[in-house]
Amino acid sequence: MRQRALRVLRMIRALRLLAARRSTSINGWASIRAWTERRQNNARFYQELLAEAPVDLPRPAPYQTRHVFNQFVIRTHERDEVRDYLAGHGVGTEVYYPMPLHLQPCFASLGYRSGDFPVSEALARETLALPIYPELSEDDIGYVSGLLRESQRR
């Protein structure tokens, strides 16, 4: 039984490696580059449209010359209200880290309490990821940005 399980695991590993090689072939890399460029363009467009909005926008560090923008995370004190408003208009958003690490049950044995890491706690309350996927159009980004600005004026 153990030998069979090991064979299956080896086969799965081989298939994963094959898939990885295939995705990183010349065509695969071209696709990855194109997706990255579209995400970067989408991020630039968000930055332009939201420059005057009362939210904090992502600011890659100077050494991050090729940020991928897998997420476009904004910071606002009204995160939950903004999220509800966008959802009410058909815009999906995500809160990736709603609870800071030091307050998660798996780290309870470390003895940290609420207030021990105030910046982490504020970020957990105030950050929201906007849609940034490569297929997003400028019209879509304009729609999301308009709704976000509108939600802040309410």
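Values quoted throughout were computed directly from the atomic coordinates according to the rules given, and no laboratory measurement underlies them. Everything numeric here is computed off the predicted structure, so don't read it as measured data. In this analysis, Cβ positions are derived from the backbone assuming ideal geometry, glycine residues included, and neighbour counts consider all displayed protein chains.
For the residue pair Ala122 and Arg149, what label-to-label distance in nm results when each label sits 7 Å from Cα along the Cα-to-beta-carbon direction?
Result for the modelled spin labels: 2.6 nm.
Going by the alpha-carbon gyration tensor, a ≥ b ≥ c the square roots of its eigenvalues, is the chain rounded (a/c under 1.5) or, if a/c is not under 1.5, prolate (a/b greater than b/c) versus oblate?
Verdict is oblate for the chain.
For an R0 of 25 angstrom, estimate the FRET efficiency from the Cβ-Cβ distance between Arg66 and Leu15 and round to the nearest 0.05.
Calculated transfer efficiency: 0.25.
Can you give me the distance in nm between label points at Arg59 and Glu138, each placed 7 Å from the Cα along the Cα-to-Cβ direction?
My value for the distance between the label points is 2.7 nm.
Applying 1/(1 + (r/R0)^6) with R0 = 25 Å to the Cβ-Cβ distance of His77 and Ser31, what FRET efficiency is obtained, to the nearest 0.05?
0.05
Add +1 for every Lys or Arg and -1 for every Asp or Glu among the other residues with Cβ under 10 Å from the Cβ of Tyr133, and state the total. Don't skip to the answer; put the middle values down first.
Numbers: positive: Arg38, Arg39; negative: Glu135, Asp140.
Here the count lands on 0.
Taking +1 at the Cβ of each Lys and Arg and -1 at the Cβ of each Asp and Glu, which of Leu86, Leu110, Ser145 sits farthest along the dipole of the chain towards its positive end, judged by Cα position relative to the Cα centre?
So the residue furthest toward the plus end is Leu110.
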